[in-house]
Amino acid sequence: MTLGQILVEVTLASGEKGIGVGGGGKSGVHVIDTVLKECLLETDMDTPHQLHKVMCDHTSFYGRKGLVPMAISGVDLAIWDAYGKSVGKSVYELLTDVPPPAVLPMYQTVFDDAEAELAVKDGKQAVKLHVERFGDRPKPEEIGELVRSTRMRLGEGKAIMLDAFGRWNVDTTLAVAHEITQYDVEWIEEPVRPDQLEDYVTLNRESPIPIAGGEHEYLEEGFLALAASKAVSVFQPDINWCGGLTSLIQIYRIAEDAAIRVVPHRGSEPYSLPAIAALDREQPLAESARSWFDCLNGMAEVTPAGVELLLSPGFGVSLNT
Ligand SMILES: [Mg+2]
């Protein structure tokens, strides 16, 4: 039961086409058809940043979070794709003049023990364990045992992260954090619901393990609020939901000012990867792609060393019909 991803195609006045992926399913399509399309066609602005601002300004009374930014994301990404193609540059090259890294470090997200086993066997450099199957109030010892056995199999020097998908509370999170401190865990992700800001502030202050979040946060304003309240130590914006590449660029700037790390959600997929490579020179890290993200050709190659950046014009994607 999800709203589903949406595919967006834009055509520039020059005739160049671009493809983007956003969220919000049919509701997202409705937002584009009834509002975004018209407000873009009526403007004579022409840079991706300007067009993004037009869309955000026009929808700000009802669309600061959730569905509308998810729809804007798809349009924004399609505009960037078309813009890159029109000037013959990859999005990476639009973002920086620095020569690209050959490969980016990657972490594998796993949902059960079998996937974790496979990730270890494949020599993945880092593994994130989803722990929803342990329920809303897991015994800290259960999570402790999972992390201990993963650390034993993975060895030292490789990162382990946990993702609670917003199901815990402050007490559970702190109890688990103390239980697993000895296993060198990189972060605990979305320990509580995304809108429980005060709980995030408490956890980010008191947890011995860094707190990550932002997978379900939107636009510049949303991330400014997270940074101002010191709610998380790691931002995890999803480029297909948070407002697109224009928002992701703004989020990297906010993070830099606040000394917050950025590790985009599903970062190995083609839309986030160039931003990670171009905008994070210190600790770039790309999350493994989701198996359901299969509508496009042009997915990056994954090797034991990490994920390879492609440098075709735009995002280098085409429709997988
Ligand atoms: Mg997550």
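The values are calculated or read from the model by the stated rules, or taken from the named source; none is laboratory data. Remember, predicted model here, so these are calculated numbers, not experimental data. Here the Cβ positions follow ideal geometry from the backbone for every residue, glycine too, while neighbour counts run over all protein chains shown.
Summary table
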read-out	value
Close pairs from the stretch 193-219: first not assigned by TED's automatic domain parsing to the domain that holds GLN236, partner among the hydrophobic types (A, V, I, L, M, F, W, C), Cβ under 8 Å, at least 6 apart	none
Residues satisfying the stated conditions in the stretch 156-185, i.e. acidic (Asp, Glu), away from the ligand (no atom under 13 Å from the Cβ) and within 22 Å of ARG133 (Cβ to Cβ)	ASP171, GLU179
Selected residue (criterion: nearest to MET161 (Cα to Cα)) from residues of the stretch 250-288 that are within 12 Å of the chain's Cα centre (by Cα) and acidic (Asp, Glu)	GLU287
Residue check for SER272: surrounded by fewer than 24 Cβ atoms within 10 Å (Cβ to Cβ) and among the polar types (S, T, N, Q)	no
Meets criteria (over 17 Å from ASP238 (Cβ atoms) and modelled with pLDDT under 95) for ASP33	no
Residue satisfying condition, being surrounded by fewer than 16 Cβ atoms within 10 Å (Cβ to Cβ) and on the phi < 0 side of the Ramachandran plot, within set LEU36, LEU51, LEU3	LEU3
Residues of the stretch 244-269 satisfying the condition of being among the β-branched types (Val, Ile, Thr) and either outside the structural domain of ASP294 (by TED's automatic domain parsing) or part of a helix (DSSP H, G or I) (or both)	THR246, ILE249, ILE251, ILE254
Where ALA175 falls short, out of the listed (1) buried (at least 17 other Cβ atoms within 10 Å of the Cβ); (2) at pLDDT below 95; (3) out of contact with any strand residue (DSSP E or B) (no Cβ under 8 Å at 6 or more places or on another chain)	(2)
From PHE293, PHE315, residue being touching a residue at least 40 places away in the same chain (Cβ under 8 Å) and more than 21 Å from GLN108 (Cα to Cα)	PHE315
Residues satisfying the stated conditions in the stretch 256-302, i.e. within 15 Å of the ligand (Cβ to nearest atom) and hydrophobic (A, V, I, L, M, F, W, C)	VAL262, VAL263, LEU285, ALA286, ALA289, TRP292, PHE293
Residue match in the stretch 194-202 (condition: within 16 Å of the ligand (Cβ to nearest atom), of a type in the set (S, T, N, Q) and not in a helix (DSSP H, G or I))	yes
Some residue of the stretch 294-304 being surrounded by 18 or more Cβ atoms within 10 Å (Cβ to Cβ), β-branched (Val, Ile, Thr) and touching a Ser or Thr at 6+ places or on another chain (Cβ under 6 Å)	no
Qualifying positions in the stretch 43-95 - in a helix (DSSP H, G or I) and of a type in the set (Ser, Thr, Tyr)	THR59, SER73, TYR83, SER86, TYR92
Subset of the stretch 98-127 [part of a loop (DSSP other than H, G, I, E, B) and in contact (Cβ under 8 Å) with a residue 24 or more places away in the chain]	VAL98, PRO100, PRO101, ALA102, PRO105, ASP122, GLY123, LYS124, GLN125
Matching residues in the stretch 87-103 - criterion: being in contact with an Asp or Glu (Cβ under 8 Å, 6 or more places away or on another chain) and at pLDDT 95 or above	VAL91
Qualifying residue in the stretch 131-154 (condition: assigned by TED's automatic domain parsing to the domain that holds ASP113, closer than 18 Å to VAL234 by Cβ, within 16 Å of the ligand (Cβ to nearest atom) and not hydroxyl-bearing (Ser, Thr, Tyr))	yes
